[in-house]
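Peer 1: The following block contains the structure, expressed as structure tokens.
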Amino acid sequence: VRGKQKTGIGILFLKYINMLKINPRMLMQQCLRHAHSQVRVRFAPSPTGYLHLGGLRTALYNFLYARHLGGKFLLRIEDTDQTRLVPGASERLVEDLLWAGIEIDEGPGFGGQLGPYVQSQRTEIYSKAIEELLHNGTAYRCFCTERRLDLLRKEALRTRQVPRYDNKCRHLTTSEVDSLLAKGTPYCIRFKLTDHEEPLDDLIYGKVHHNVSDNEGDPVVMKSDQFPTYHFANVVDDHLMGITHVLRGVEWQISTTKHLLLYKAFGWQPPKFGHLPLLVNADGTKLSKRQGDIGIQHFRERGYFPQALVNYVVSAGGGFEHRTNAKQQLLSMQALHEQFHIERVNSHPSRLNPELLDDLNRLEIVQRLSGNESRTKLVNEVQQLVKEAYPQHSNLDLAEEHILDVLNWSSKRLTLLQDLTSSKLSFLWVKPSDFQIKDLTAEQLAHLLQLINAIQDFHKDELNVKLKSFAQKENIKFPLMMKTLRAALSGLKEGPGVAEMMEILGKSVTLERLKEALPKESLHLEEHQ
């Protein structure tokens, strides 16, 4: 229309929509919505806290479903409850999603033609939608005070009934409403609930029937502060943003009937709904936001890798072909969305197994070691971790070859990169200073270095055998020799066995540190030989 404004057809069309009092922006949104034949899903969190495992699972399954069917993934920030907003939560949430590998096609800061994608910026849209419901008689103004509503709640609890609004203001006459409005009486807007006989055809649970009007009074859809409630804004936004499928937690299933009634009141076609089962702890107890260890930031700070965490989440919820006795795999995001099928998602609570996450993280370390670019990034990350762990030491062993040897050794033993900076493994990075070997003669030291250099299988078992044999041959007390080697290699009095320490350090670093601990006369003899 904008491009044709100066032509006859453009002028006629603009006059026509003005005559019908149609908002051009709303018209464009409707046209764009119906133009979408592709799958469009959304993740719509409230910035009242930070992303946790349950939220990541919801975002992830929406993303996998959209990518599997060639659709779009939208991010919408639902911040209508202004009293509970946490500063910086929206930014952190986006950061966590991107860290996990979830690509946002439309959303705040990501573009899109059907925004704004932040609810607090859409109040004008909600006001116009409310007027439509007031006009068609499916909503009404409620003038009940907080005191009256509180009395209703207390009376219901006293008589052991479920608290619910008694729909008093639904029955006000037009003159009564006009009189209250003339007095400036504060009001909210409520939606008229009706019987909903058609069952919800849930993509995961199948046919689900719940008649919300049996248990609830008419819900508030617009608060007295002119901000919409979750249920109302959710429906309006999903429709205008062209959402075709809604995948969310099963705790919202009971509200879906309410949403379907709102769609009916507007005369809109609802999207398809699928409700994801609860994520629960290994013992079957429900995950809670109050658990400090379920936040994505917690896993990131601990050192878990994104793909390990993503595979951990999907391992509990299903959506993939079940393979019995199959070796544990770490699937890429592309492999996950190619293999994902919504009909395979579990309908029973999904138990998380923390031990599996550790296994997956070790797999990701191995996988990152196999790629040139990812291997370099891994080495850089270890270098940074070590510098932060030992800021007081300037003589750190951070050579790339040494770090790769350590990573190859640790990939099947340790879970997190941070484990490499534990005090027991400080010898990996901190070189002993000012230590000289005095308990072995110069000749014995020279023979020992020759022996170590000749060992092909640099494994702790082989090293132990060779070192014991050497001690017997040279008539050296084995415990004394091992104590001396420990001090020369690590400067520590305790830690892993000396042979294991040598294996972890590798042959070249072991020889280097022993040479640095040699007395000058032994070093001269070793060089001469």
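The values are calculated or read from the model by the stated rules, or taken from the named source; none is laboratory data. Source: prediction; values computed, not measured. Note: ideal-geometry Cβ built from the backbone for every residue, glycine included; neighbour counts use all protein chains shown. SASA here: full protein model, heavy atoms, side chains in, ligands and nucleic acids out. Shrake-Rupley method; radii C 1.70, N 1.55, O 1.52, S 1.80 Å.
Peer 1: Based on this model, can you work out whether Asp225 counts as surrounded by fewer than 17 Cβ atoms within 10 Å (Cβ to Cβ), of a type outside the set (Phe, Trp, Tyr) and within 16 Å of His259 (Cα to Cα)? Step through it out loud before you land on a result.
Peer 2: Numbers: surrounded by fewer than 17 Cβ atoms within 10 Å (Cβ to Cβ): yes; of a type outside the set (Phe, Trp, Tyr): yes; within 16 Å of His259 (Cα to Cα): no.
So Asp225 does not fit the description; no.
Peer 1: Quick check on this structure: which one of Leu363, Leu448 is open to solvent by 30 Å² or more (accessible area, probe 1.4 Å), among the aliphatic types (A, V, I, L, M) and touching a helix residue (DSSP H, G or I) at 6+ places or on another chain (Cβ under 8 Å)?
Peer 2: On the way: Leu448 fails: open to solvent by 30 Å² or more (accessible area, probe 1.4 Å).
That would be Leu363, the only listed residue that is open to solvent by 30 Å² or more (accessible area, probe 1.4 Å), among the aliphatic types (A, V, I, L, M) and touching a helix residue (DSSP H, G or I) at 6+ places or on another chain (Cβ under 8 Å).
Peer 1: Still on this structure, please answer the following. For residues that are modelled with pLDDT of 95 or more, of a type in the set (A, V, I, L, M) and more than 19 Å from the chain's Cα centre (by Cα), scanning just the range 66-120, find the one that is nearest to Gly274 (Cα to Cα).
Peer 2: Checked the range 66-120; the qualifying residue nearest to Gly274 (Cα to Cα) is Leu69.
Peer 1: Moving on to the next point. If you check Gly317, Gly295, Gly274, which single one turns out to be within 19 Å of Ala59 (Cβ to Cβ), open to solvent by less than 40 Å² (accessible area, probe 1.4 Å), of a type in the set (Gly, Ala, Ser) and touching an Asp or Glu at 6+ places or on another chain (Cβ under 7 Å)?
Peer 2: Checking each option against the conditions leaves just Gly274.
Peer 1: Anything in the range 487-496 that is part of a helix (DSSP H, G or I) and not small (Gly, Ala, Ser)? List them, or say none. Lay out the reasoning, then the answer.
Peer 2: Step one: of the range 487-496, the residues part of a helix (DSSP H, G or I) are 487-490.
Correct list: Leu489 only.
Peer 1: Keeping to the range 115-140, report how many residues are open to solvent by 30 Å² or more (accessible area, probe 1.4 Å) and touching a helix residue (DSSP H, G or I) at 6+ places or on another chain (Cβ under 6 Å).
Peer 2: Filtering the range 115-140 down to residues open to solvent by 30 Å² or more (accessible area, probe 1.4 Å) leaves 116, 120-121, 123-124, 127-128, 131-132, 134-138.
Now drop any that are not touching a helix residue (DSSP H, G or I) at 6+ places or on another chain (Cβ under 6 Å), which leaves 138.
Residues meeting the conditions: 1.
Peer 1: Scan (1) at pLDDT 95 or above; (2) in a loop (DSSP other than H, G, I, E, B) for the single condition Val162 breaks and write down its number.
Peer 2: (1)
Peer 1: Output the number of residues of the range 72-114 satisfying the condition of being open to solvent by 10 Å² or more (accessible area, probe 1.4 Å) and among the small types (Gly, Ala, Ser).
Peer 2: Adding up the residues that qualify gives 6.
Peer 1: Restricting attention to the range 246-265, which residues are of a type outside the set (Val, Ile, Thr), buried (at least 17 other Cβ atoms within 10 Å of the Cβ) and in contact (Cβ under 8 Å) with a residue 60 or more places away in the chain?
Peer 2: Leu247, Arg248, Lys258, Leu260, Leu261, Leu262, Ala265 - these are the residues of the range 246-265 that are of a type outside the set (Val, Ile, Thr), buried (at least 17 other Cβ atoms within 10 Å of the Cβ) and in contact (Cβ under 8 Å) with a residue 60 or more places away in the chain.
Peer 1: Related question: Specify the residue that is modelled with the lowest pLDDT; the eligible residues are those in the range 346-363 that are part of a helix (DSSP H, G or I) and under 26 Å from Leu247 (Cβ atoms). Before the answer, list the steps.
Peer 2: In the first step, residues of the range 346-363 are kept if they are part of a helix (DSSP H, G or I); the result is 354-363.
Right, trim to under 26 Å from Leu247 (Cβ atoms) and you get 354, 356-357, 360.
Working: Pro354: 89, Leu356: 93, Leu357: 94, Leu360: 95.
Looking at the filtered set, the residue picked out is Pro354.
Peer 1: Which condition from (1) assigned to a helix (DSSP H, G or I); (2) open to solvent by 60 Å² or more (accessible area, probe 1.4 Å) is the one that Gln392 breaks?
Peer 2: Evaluating Gln392 over (1) assigned to a helix (DSSP H, G or I); (2) open to solvent by 60 Å² or more (accessible area, probe 1.4 Å) leaves (1) as the failure.
Peer 1: Additional query: Could you tell me whether any residue of the range 141-156 is surrounded by 17 or more Cβ atoms within 10 Å (Cβ to Cβ) and either outside the structural domain of Lys192 (by the TED database) or touching a residue at least 60 places away in the same chain (Cβ under 8 Å) (or both)?
Peer 2: Yes: one or more hits.
Peer 1: Right, something else. Need the failing condition index for Ile243 against (1) outside any helix (DSSP H, G or I); (2) open to solvent by 10 Å² or more (accessible area, probe 1.4 Å), just the number.
Peer 2: (2)
Peer 1: Okay, moving on. Restricting the range 321-345 to residues that are modelled with pLDDT of 90 or more and assigned to a loop (DSSP other than H, G, I, E, B), which is farthest from Gly71 (Cα to Cα)? Walk me through how you get there before you give the answer.
Peer 2: Taking the range 321-345 and keeping what is modelled with pLDDT of 90 or more, we get 330-345.
Checking the rest, the ones that are also assigned to a loop (DSSP other than H, G, I, E, B) come to 330-332, 340-341.
Values: Leu330: 24, Leu331: 21, Ser332: 19, Phe340: 14, His341: 14 Å.
Ranking the qualifying residues of the range 321-345, first place goes to Leu330.
Peer 1: Right, something else. Got a number for residues in the range 172-205 being under 47 Å from the mean Cα position of the chain (by Cα), closer than 27 Å to Asn215 by Cα and either hydrophobic (A, V, I, L, M, F, W, C) or open to solvent by 50 Å² or more (accessible area, probe 1.4 Å) (or both)?
Peer 2: Count: 17.
Peer 1: Return the total of residues in the range 456-486 being open to solvent by less than 70 Å² (accessible area, probe 1.4 Å), of a type in the set (D, E, K, R) and in a helix (DSSP H, G or I).
Peer 2: Residues flagged as open to solvent by less than 70 Å² (accessible area, probe 1.4 Å), of a type in the set (D, E, K, R) and in a helix (DSSP H, G or I) within the range 456-486 amount to 2.
Peer 1: Here are Leu64, Leu74: which of them is out of contact with any helix residue (DSSP H, G or I) (no Cβ under 8 Å at 6 or more places or on another chain), in contact (Cβ under 8 Å) with a residue 12 or more places away in the chain and not assigned by the TED database to the domain that holds Gln226?
Peer 2: Values: Leu64 fails: out of contact with any helix residue (DSSP H, G or I) (no Cβ under 8 Å at 6 or more places or on another chain).
When all the criteria are applied, what remains is Leu74.
Peer 1: Which residues, counting only those in the range 176-191, are among the basic types (Lys, Arg) and in a strand (DSSP E or B)?
Peer 2: Within the range 176-191, just Arg190 meets the criteria.
Peer 1: Can you tell me which of (1) open to solvent by 50 Å² or more (accessible area, probe 1.4 Å); (2) within 20 Å of Leu398 (Cβ to Cβ); (3) assigned to a helix (DSSP H, G or I) is the one Leu511 doesn't meet?
Peer 2: The failed condition is (1).
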